[in-house]
Amino acid sequence: MGTVTIGVSIAVPEPHGSLLQERRAGFGDPAAYGIPTHVTLLPPTEVDDSELPAIEAHLLEVAAAGRPFRMRLSGTGTFRPLSPVVYVQVVDGVEACTWLQKQVRDASGPVARELQFPYHPHVTVAHAIDDEAMDRAYEELAGFEAQWPCTGFALYEQGADAVWRKLRDYVFGGGGHVVPLQASAPVVRRTLPAH
């Protein structure tokens with residue numbers, strides 16, 4: 001038995017997810033290809049691996065109580081100077097994301113935890129890189145727009161290589177229907193031309 005680092009998030013679907021991941025890498029963020037583009041519901045949390053079945057059962061209950069909602073991203077924001085992050089803003093779906101993350105972190109559940117900062121749903125596009133690159137991310141993605149029907153969320157685990165891999169999808173409603181993954185998809189690493 002050991003510990004694992006997990007997270008729960010809403011994936012940003014294609015083509016938007018890959019586009020934002022490519023842009024994040026282009027701004028010089030070394031973590032870009034290890035982190036699928038997402039809106040966080042549970043930040044990285046270390047748990048005993050024996051707790052995973054209880055956590056998965058809890059997430060099933062949360063998903064069963066959830067209902068699809070519209071997600072819309074528009075423009076950029078930043079947590080600077082408090083935290084070195086530039087993000088794409090969630091403009092529709094804020095209330096639903098806020099409700100979901102509270103259910104996931106419910107005090108009576110298996111992953112009850114306090115947050116370092118108040119919850120603010122967002123999609124990180126630059127983190128802890130130099131100020132000039134952060135400014136560029138903020139400016140170049142200011143016109144970014146995307147929307148989709150959000151139908152669920154997923155549980156992820158961070159590997160020893162710092163890459164986040166999806167363990168399981170959870171679909172809203174439908175009595176807790178779960179879509180298990182057959183196998184982890186390979187992580188595609190791309191090299192970007194030097195500028």
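The values are calculated or read from the model by the stated rules, or taken from the named source; none is laboratory data. Just so it is clear, the model here is predicted, and its values are computed rather than measured. We place every Cβ from the backbone using ideal geometry, glycine too, and count neighbours over all the protein chains shown.
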Every listed condition ((1) farther than 20 Å from P30 by Cβ; (2) among the aliphatic types (A, V, I, L, M); (3) outside any strand (DSSP E or B)) holds for I129 save (1)
Of the residues in the range 112-158 that are among the polar types (S, T, N, Q) and within 25 Å of R70 (Cβ to Cβ), the one that is nearest to the chain's Cα centre (by Cα) is T124
Considering the range 137-195, residues that are at pLDDT below 50 and hydroxyl-bearing (S, T, Y), and then whichever is nearest to E14 (Cα to Cα), we arrive at S184
Considering the range 100-117, residues that are of a type in the set (A, V, I, L, M) and in contact with a helix residue (DSSP H, G or I) (Cβ under 9 Å, 6 or more places away or on another chain), and then whichever is surrounded by the most Cβ atoms within 10 Å (Cβ to Cβ), we arrive at L100
### Query
Taking the condition closer than 18 Å to V125 by Cα, surrounded by 17 or more Cβ atoms within 10 Å (Cβ to Cβ) and touching an Asp or Glu at 6+ places or on another chain (Cβ under 9 Å), does A25 pass?
no
Checked the range 65-105 for anything among the aromatic types (F, W, Y) and touching a Cys at 6+ places or on another chain (Cβ under 6 Å); matches are F69
*Does the range 1-20 contain any residue that is among the charged types (D, E, K, R) and touching a strand residue (DSSP E or B) at 6+ places or on another chain (Cβ under 7 Å)?*
no
The strands (runs of 3 or more DSSP E) lying wholly within the range 30-111 that contain at least 3 residues that are touching a residue at least 12 places away in the same chain (Cβ under 8 Å), within 21 Å of Y170 (Cα to Cα) and not aliphatic (A, V, I, L, M) are 38-48, 69-78
When every residue in the range 69-86 that is over 17 Å from the mean Cα position of the chain (by Cα) and either modelled with pLDDT of 95 or more or hydrophobic (A, V, I, L, M, F, W, C) (or both) is compared, the one nearest to S9 (Cα to Cα) is G75
Across the range 8-20, the tally of residues that are closer than 18 Å to H122 by Cβ and either buried (at least 22 other Cβ atoms within 10 Å of the Cβ) or free of Cβ contacts under 8 Å to residues at least 12 places away in the same chain (or both) stands at 6
